[in-house]
Amino acid sequence: CAAEEDLYMATQYFTATSLDGFLATEDDSLDWLFALADIGESSYPAFIAEVGALAMGSATYEWMLGHAEDVIKEVGSPWPYTQPVWVFTTRDLPKVEGADIRFVRGDVRPVHEAMRVAGGDKNIWIVGGGELAAQFFDAGLLDEMIVQVGSATLGKGKPLFPRRVTSPTLRLTEVRQMGAGMVELRYAVERSTELEARSALSS
């Protein structure tokens, strides 16, 4: 119903990618990104201020645990989120002390509903990886993609978004240059009749 739809602003996939469409190398290295990115030149501070709940996959979560020093350099804290975070995993993982972390598995739809309630009128951030964001897309729950494209190529690695999106395509809404090494692209996710029908049948 309309009241339920008003509970949250948008579900967003905010991420960074190489020019050839990879989030990280095969061994999950982000060294290429740290050499290019400057949070002060990006929309991240304004973006995270409007986020009420987050979701991430186990690889993303484990990367943050294993690269606390890199995270501190980038955002100032080994665990930078005060918002509740849902981590999708099929394994037992350590929990960050003092953080609101909820381990889940399976269908993204009930988790999305819980995130909507927890986030209130703020946005939902699908941190990554690409496959998790694609699952929200498959369920018709993804509203926007905010992609920071770096001027580096990796050749192979972890893909940005392992889905074919051709009909309709994503709709470009904003372009922002970030220094000499990156550009930020914002896309609205258009709903296709086929996708909406598939989501309704599976609900």
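Details
- Residue count for segment 157-186 under the criterion of being in contact (Cβ under 8 Å) with a residue 12 or more places away in the chain, out of contact with any Phe, Trp or Tyr (no Cβ under 8 Å at 6 or more places or on another chain) and part of a strand (DSSP E or B): the result is 8.
- Of the helices (runs of 4 or more DSSP H) lying entirely inside segment 1-81, those containing at least 1 residues that are more than 19 Å from R102 (Cα to Cα) and of a type outside the set (D, E) are 2-5, 31-34, 44-49, 68-75.
- Test result for A133, within 16 Å of the chain's Cα centre (by Cα) and either within 23 Å of T11 (Cβ to Cβ) or modelled with pLDDT under 95 (or both): yes
- Filter result for L195 (at pLDDT below 95, open to solvent by less than 40 Å² (accessible area, probe 1.4 Å) and either in a strand (DSSP E or B) or under 23 Å from G21 (Cβ atoms) (or both)): yes
- Restricting segment 39-87 to residues that are of a type in the set (V, I, T) and closer than 21 Å to M115 by Cα leaves a set whose member that is surrounded by the fewest Cβ atoms within 10 Å (Cβ to Cβ) is T82.
- Given (1) in contact with an Asp or Glu (Cβ under 9 Å, 6 or more places away or on another chain); (2) closer than 26 Å to F137 by Cβ; (3) open to solvent by 70 Å² or more (accessible area, probe 1.4 Å); (4) not in a strand (DSSP E or B), number of the condition T90 does not satisfy: (1)
- Filtering segment 129-174 to residues that are open to solvent by less than 30 Å² (accessible area, probe 1.4 Å) and over 22 Å from H112 (Cβ atoms) leaves Q148, V149, G150, A152, G157.
- Per-region count, segment 15-31, residues surrounded by fewer than 19 Cβ atoms within 10 Å (Cβ to Cβ) and in contact (Cβ under 8 Å) with a residue 12 or more places away in the chain: 7
The values are calculated or read from the model by the stated rules, or taken from the named source; none is laboratory data. Since the model is a prediction, treat every value here as computed from it, not as a measurement. All Cβ positions, glycine included, derive from the backbone under ideal geometry; neighbour counts span all protein chains shown. Please note that ligands, DNA and RNA were not included when accessible areas were found on the heavy atoms of the full protein model with its side chains. Shrake-Rupley method; radii C 1.70, N 1.55, O 1.52, S 1.80 Å.
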